[in-house]
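A.B. asks: This is the structure I want to talk about, given as C-alpha cells.
The values are calculated or read from the model by the stated rules, or taken from the named source; none is laboratory data. As the structure is a prediction and not an experimental result, all values here were calculated from the model. Neighbour counts are summed over all protein chains in view; Cβ atoms, including those assigned to glycine, are modelled from backbone coordinates with ideal geometry. Areas reflect the complete protein model, heavy atoms only, side chains present, ligands, DNA and RNA absent. Shrake-Rupley method; radii C 1.70, N 1.55, O 1.52, S 1.80 Å.
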Amino acid sequence: QVQLVESGGGLVQAGGSLRLSCAASGSIFSINAMGWYRQTSGKQRELVATITRGGITNYVGSVKGRFTISRDVAKNTVFLQMNSLKPEDTAVYYCRMQGNYLDYWGQGTQVTVSS
C-alpha cells in the first residue's frame, strides 16, 4: 500500500509564493517519476511539473520560470516551489507518483490566488 500526502496549499495574493510538498510512504521499491498536476472545475487535469528518477524536469509552459520542482530522494518527497503566482494558477493541485509499475495520486490540495 502506497500513500501520497500533500501539504502546503492555501490562499495567497497575486505575486506571492507557496511551496507544496508531497510525501510518499508505504511499500515503495521503485519510483520512475513524481510530479504535480492541477485541475479546475470543468476542466481536465493538466500537468504542471514532473521530475524523473534521473532528475530530469519538465514544466508546462505557463509556469516555466515561476515554478520549480525538486525532490528529496531519501524521503520519497517531491516539492513544488511556486513563485509569482497568478489568479489563473488557482486550482486543486495533485501529486502523482509513477512507481512500483503503477500510478498513485494524492488527495489534492487547494491553491487559491487572489487578484
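A.B. asks: Restricting to the range 88-110, what's the tally of residues that are surrounded by 13 or more Cβ atoms within 10 Å (Cβ to Cβ) and either part of a strand (DSSP E or B) or aromatic (F, W, Y) (or both)?
C.D. replies: The initial filter retains those residues of the range 88-110 that are surrounded by 13 or more Cβ atoms within 10 Å (Cβ to Cβ), namely 89-100, 104-106, 108-109.
Cutting the leftovers down to either part of a strand (DSSP E or B) or aromatic (F, W, Y) (or both) gives us 91-99, 104-105, 109.
Total meeting the criteria: 12.
A.B. asks: Take the residues of the range 7-17 that are open to solvent by 30 Å² or more (accessible area, probe 1.4 Å) and assigned to a strand (DSSP E or B): which is nearest to R71 (Cα to Cα)?
C.D. replies: Checking each candidate, the answer is S7.
A.B. asks: Quick one: which residue in L85, L4 is buried (at least 19 other Cβ atoms within 10 Å of the Cβ) and either outside any strand (DSSP E or B) or touching a Pro at 6+ places or on another chain (Cβ under 7 Å) (or both)?
C.D. replies: Details: L4 fails: either outside any strand (DSSP E or B) or touching a Pro at 6+ places or on another chain (Cβ under 7 Å) (or both).
Of the residues listed, the single one that is buried (at least 19 other Cβ atoms within 10 Å of the Cβ) and either outside any strand (DSSP E or B) or touching a Pro at 6+ places or on another chain (Cβ under 7 Å) (or both) is L85.
A.B. asks: Could you pull out the residue among T52, T112, T40, T68 that is in contact (Cβ under 8 Å) with a residue 60 or more places away in the chain and β-branched (V, I, T)?
C.D. replies: On the way: T52 fails: in contact (Cβ under 8 Å) with a residue 60 or more places away in the chain; T40 fails: in contact (Cβ under 8 Å) with a residue 60 or more places away in the chain; T68 fails: in contact (Cβ under 8 Å) with a residue 60 or more places away in the chain.
Just a single option satisfies the conditions, and that option is T112.
A.B. asks: Just to be sure, is R45 open to solvent by 60 Å² or more (accessible area, probe 1.4 Å), among the charged types (D, E, K, R) and out of contact with any Ser or Thr (no Cβ under 8 Å at 6 or more places or on another chain)? Walk me through it before giving the result.
C.D. replies: On the way: open to solvent by 60 Å² or more (accessible area, probe 1.4 Å): yes; among the charged types (D, E, K, R): yes; out of contact with any Ser or Thr (no Cβ under 8 Å at 6 or more places or on another chain): yes.
So R45 fits the description; yes.
A.B. asks: Enumerate the pairs (first residue in the range 91-105 and within 11 Å of R45 (Cα to Cα); second residue anywhere and open to solvent by less than 40 Å² (accessible area, probe 1.4 Å) and not in a strand (DSSP E or B)) with beta-carbon separation below 6 Å, excluding pairs fewer than 6 apart on the same chain, so at least 6 apart or on different chains.
C.D. replies: Every condition considered, the pairs that remain are V92/G108; Y94/G106; Y94/G108.
A.B. asks: So N32 fits all but one of (1) within 26 Å of G15 (Cβ to Cβ); (2) in a strand (DSSP E or B); (3) open to solvent by 50 Å² or more (accessible area, probe 1.4 Å); (4) not hydroxyl-bearing (S, T, Y); what number is the exception?
C.D. replies: (1)
A.B. asks: Scan the range 57-76 and give yes if some residue there is at pLDDT 95 or above, more than 28 Å from S115 (Cα to Cα) and open to solvent by less than 40 Å² (accessible area, probe 1.4 Å), otherwise no.
C.D. replies: The answer is no, given that none of the residues of the range 57-76 is at pLDDT 95 or above, more than 28 Å from S115 (Cα to Cα) and open to solvent by less than 40 Å² (accessible area, probe 1.4 Å).
A.B. asks: Ok, one more. Could you grab the pairs with beta carbons closer than 7 Å, sequence gap of 6+ or different chains, first residue in the range 11-31 and at pLDDT 95 or above, second one among the basic types (K, R) and open to solvent by 60 Å² or more (accessible area, probe 1.4 Å)?
C.D. replies: What qualifies is A14/K86; A23/K75.
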